[in-house]
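What follows is a short report on a single structure.
Each reported figure results from applying straightforward, stated rules to the coordinates on display, with no laboratory input. For clarity, every value in this text was computed on a predicted model and none was experimentally measured. All Cβ positions, glycine included, derive from the backbone under ideal geometry; neighbour counts span all protein chains shown.
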Amino acid sequence: MGLFSKGELKLLWPFYLEGLIVCSFLILIPFQILYFISIGLSMTQVGILSSVMMLAALLFEIPTGAVADIYGRKFSVILGWTLEALMISLIFFANSYFYLLILCFFWGISRTFSSGSYDAWVVDLLKAKRKKSLIPIFFSKHLSIYNLGFVLSGIIGTFCVATFGLSSIWLFSGVACVMGALIICFGEEIYEKPKVKIKESFARLWNQTKESSYYSYKHHVLYFIFLIFFIIAIAASFEGFISWTPLLKNLGFEDAYFGYLFTVMAIIGVGAPLLANKFMKSNNEKKLLVISAMITLVYGFLILISNNLILTIIVLMIGTTIWAFEVPIIQTYFQRFIPTKKRATIGSIGGMISSLALIIGTPIAGFLIDSLGPKLAIFIAALLSIPVIILYNRINEKKSK
């Protein structure tokens, strides 16, 4: 069997290439916390920046998702990449915390244009081309390609930071987003855009948002998935780079090596989604997600006994593997219960719920890190797997029919 299925590359090459190129040059991820520390921000202030970004996403997630359903997913994704490129680049010139807050707010808005639209674009394209079997393959392979780009990103980022300084991460990452917008223009879209007037458009936007929200609330499976999304996002706000960066620095990890560490994490991210695709079979996603949550609990207790740099890095690699394994599984599980006409909007509702959780979680995480240390924040994140397991076990998929 070849690397790509029959017809896969012909349809999906723009999405795969975009993922590879963008992630190779989106070098800000392993270094942005270091940058904020270098300009004198506390972890609480960093948490507030993230919270402001997520607040913007919360306010604009559903409207921008509805825009995609009405005017086309391709238009929405390209617009999102373009706006994100502008906001990221402007952070390079920001000379005060106030300006950073404003830019992060608009950065959050720009990301909402593609958060639900991107997946909806690909899923509906594959369905229209009678390639439905490629949907789980795409989610797994796309994440692997993203992480393959991030393998290069850590190396490129280390070179750029060493050569041009920490602040250069914003300019290089802005260029990466521009490249994403250009490449994705070649993606095919199967979508008939309705011809409506502006006034009618706003009415359709409201109706699409209202109907999709009500549908999600009444749908048995989607209701529980959204609760799980909320808890997972809270956990993510506690155990992201905001926690791992100061934890590793406290153990003597040098700033210059964060790029290389990110490269190793990305290598894991290449293989884990492909492994997940091997385990995924018809309708077994929930079982795999419960097992993943149980392993996360073990990971949480491991962090408590990690008292040296090497052991801590090993635990970080375990957490990276768990995350990369479960992402394509939960994406496939989520998309299985969404009707085509509401796909982008409901996807945006999921993004909105995650944004609300991050708004709440990131400032709390920053405060905990400043006052009690990052290890406790990571442990609390792992403990949140307990309610996630409970919610998965309450899902009865038969009720969705």
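Quick notes
- Those aspartates and glutamates that a straight Cα-Cα span of less than 15 Å connects to residue 6, excepting residues fewer than 8 apart in one chain: none
- Among [x] 15; [y] 9; [z] 20, the entry derived from the coordinates for percent of Cα pairs over 41 Å apart: [y]
- Helix 97-115 and the long axis of the chain differ in direction by around 40°, with both axes built from C-alpha atoms.
- Degrees between helix 220-239 axis and first principal axis of the chain (Cα, 0 to 90, nearest 10): 20 degrees
- Its DSSP H runs of at least 4 residues, each contributing -39,500 (n - 2.57), put the calculated 222 nm mean residue ellipticity of the chain at -27500 deg cm²/dmol, to the nearest 500.
- Alpha carbon centroid spacing (whole Å) that separates the stretch 128-183 from the stretch 258-333: 20 Å
- Computed FRET value (nearest 0.05) for residue 42 with residue 6, which takes r as the C-beta separation and R₀ as 60 Å: 0.65
- Taking the stretch 332-401 as the region of interest, the number of lysine pairs whose Cα atoms are within less than 21 Å, with members eight or more places apart or on different chains, is 5.
- The C-alpha atoms of the chain define a longest principal axis, and helix 374-383 lies at about 40 degrees to it.
- Among 115, 168, 348, the order by Cβ neighbours within 10 angstrom, fewest to most, reads 168, 115, 348.
- Dipole of the stretch 1-131, positive end: most advanced residue of 125, 93, 36 [Cβ charges, Cα centre]: 125
- Residue of 109, 27, 39 that the Gaussian network model of the chain assigns the largest fluctuation, springs spanning Cα pairs under 10 Å: 39
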